[in-house]
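One structure below.
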Amino acid sequence: MKIPQTIEMQVGALNASEHNPRQITEDDFAELVKSLLLLPKGLYYRPVVVDDRNIALAGNMRLRALKYIHELGFDDLAEILRASYRFRHFDEAKQSALLNYWREWQMHPTVPTLYASELDEDEQQQFIIKDNLSFGSTTSRRSSTMVSTSTCSQNRPSRRWPRQMVSTLTI
């Protein structure tokens, strides 16, 4: 088996899946954007996984957030960061480095990417399902033999984070 390597791809060369089973609210999307802005290194630990047509199999929401960040004016981007409690507690050097990173990134927007070239079509579908089971809500059509996540959640603690904690999480 060939182990895939992470490569840098232009954000504009990648496309979100039209059939992405995960949906997030506008508030959660805003938190994702802020999370990526505060910790861009996190993208290297959770790269976007694409098929041979550059359509995301995993990381659709991160890709959507990066496209949004790319379209933001730098002043708006900086305002989002400066409004963040976490950013305000960084020292001046770290704040400056983060702002400089995003200024340069907006000129050459890339995203760490893995190609799922070793997965056949069925394996890609299984990968999408498994990637979307943990968090968020899904809208995919699942077989009636699968247990609904709402049924399972009655027997275990909720995975939903309190709103005040979301801003401290990193993706």
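Per-structure values
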| quantity | calculated |
| --- | --- |
| Restricting region 72-90 to residues that are in contact (Cβ under 8 Å) with a residue 60 or more places away in the chain and outside any loop (DSSP other than H, G, I, E, B), the residue that is nearest to Asp51 (Cα to Cα) | Arg86 |
| Filter result (farther than 15 Å from His70 by Cα and open to solvent by 30 Å² or more (accessible area, probe 1.4 Å)) within region 97-120 | Ala97, Leu114, Tyr115, Ser117, Glu118, Leu119, Asp120 |
| Complete set of residues in region 52-96 that are among the aliphatic types (A, V, I, L, M), within 13 Å of Leu37 (Cβ to Cβ) and open to solvent by 60 Å² or more (accessible area, probe 1.4 Å) | Ala83 |
| Pair list, Cβ < 6 Å and 6+ apart or interchain, from region 1-14 residues that are closer than 20 Å to Glu104 by Cβ to residues that are in a loop (DSSP other than H, G, I, E, B) and not small (Gly, Ala, Ser) | Thr6/Pro47; Val11/Pro109; Ala13/Asn54; Leu14/Asn54 |
| Candidate set: region 112-130, residues that are among the polar types (S, T, N, Q) and under 19 Å from Met9 (Cα atoms); chosen: the one modelled with the lowest pLDDT | Ser117 |
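The values are calculated or read from the model by the stated rules, or taken from the named source; none is laboratory data. Keep in mind the model is a prediction, meaning the values are calculated, not measured. No Cβ is skipped: glycine too gets one built from the backbone with ideal geometry, and neighbour counts run over all protein chains shown. Calculation scope for accessible area: heavy atoms of the full protein, side chains included, ligands and nucleic acids excluded. Shrake-Rupley method; radii C 1.70, N 1.55, O 1.52, S 1.80 Å.
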